[in-house]
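Below is one structure; the comments refer to it alone.
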């Protein structure tokens, strides 16, 4: 059974250093059959100076947006050092510092008779 709604498929593109993004949407006909549709291309148009942004190129549900992020992660695309990855690096650095500190202090504490 094919799920209804929009979803994304991301793959490495062999023709250039990047990814290929495929947006697919399935909907049900009144007869209950699943019909697949695929986004074909995005056309870039020049905006008039001072113009407001037009309608978005694509609207994704929360579920589809999360699925897109998961697909990009699966393909090896990661966020920059800002945010989650940067925070993880900071935590790892803190852990490494504490490990070194314990390695230096614990032997002295053991010799002094403290239970570890």
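The values are calculated or read from the model by the stated rules, or taken from the named source; none is laboratory data. Owing to the predicted nature of the structure, the values given are computational and were not obtained by experimental measurement. For neighbour counting, all protein chains shown are included, and Cβ atoms are generated from backbone atoms with ideal geometry for every residue, glycine included.
Looking only at region 58-77, which residues are touching a residue at least 12 places away in the same chain (Cβ under 8 Å) and more than 20 Å from residue 26 (Cβ to Cβ)?
If the condition is that a residue be touching a residue at least 12 places away in the same chain (Cβ under 8 Å) and more than 20 Å from residue 26 (Cβ to Cβ), then 72, 74, 75, 76, 77 are the ones that fit.
Kindly list the number of the only condition in (1) exposed (fewer than 12 other Cβ atoms within 10 Å of the Cβ); (2) part of a helix (DSSP H, G or I) that fails for residue 65.
(1)
Considering (1) at pLDDT 85 or above; (2) assigned to a loop (DSSP other than H, G, I, E, B), say which one residue 113 fails and leave the rest.
Status for residue 113: all satisfied but (1).
When you scan region 17-31, do you find a residue that is part of a loop (DSSP other than H, G, I, E, B) and either touching a helix residue (DSSP H, G or I) at 6+ places or on another chain (Cβ under 7 Å) or touching a residue at least 40 places away in the same chain (Cβ under 8 Å) (or both), even just one? Outline the logic, then answer.
Looking only at region 17-31, we keep the residues that are part of a loop (DSSP other than H, G, I, E, B), and these are 17, 29-31.
Add one more test, that the residue is either touching a helix residue (DSSP H, G or I) at 6+ places or on another chain (Cβ under 7 Å) or touching a residue at least 40 places away in the same chain (Cβ under 8 Å) (or both), and what stays is none.
No, because not a single residue in region 17-31 is part of a loop (DSSP other than H, G, I, E, B) and either touching a helix residue (DSSP H, G or I) at 6+ places or on another chain (Cβ under 7 Å) or touching a residue at least 40 places away in the same chain (Cβ under 8 Å) (or both).
Given the condition in contact with a strand residue (DSSP E or B) (Cβ under 9 Å, 6 or more places away or on another chain) and not in a loop (DSSP other than H, G, I, E, B), answer yes or no: does some residue in region 48-60 qualify? Let's see the steps before the verdict.
We begin by selecting, within region 48-60, every residue in contact with a strand residue (DSSP E or B) (Cβ under 9 Å, 6 or more places away or on another chain); these are 58-60.
Pick out the ones that are also not in a loop (DSSP other than H, G, I, E, B) and you get none.
No - not one qualifying residue is present in region 48-60.
From the set of residues in region 68-95 that are assigned to a loop (DSSP other than H, G, I, E, B) and surrounded by 11 or more Cβ atoms within 10 Å (Cβ to Cβ), which is modelled with the lowest pLDDT? So that I can check it myself, show each step before the final result.
Filtering region 68-95 for residues assigned to a loop (DSSP other than H, G, I, E, B) gives 76-83.
Now restrict to residues that are surrounded by 11 or more Cβ atoms within 10 Å (Cβ to Cβ): 77, 79, 81.
Details: 77: 83, 79: 75, 81: 64.
Checking each candidate, the answer is 81.
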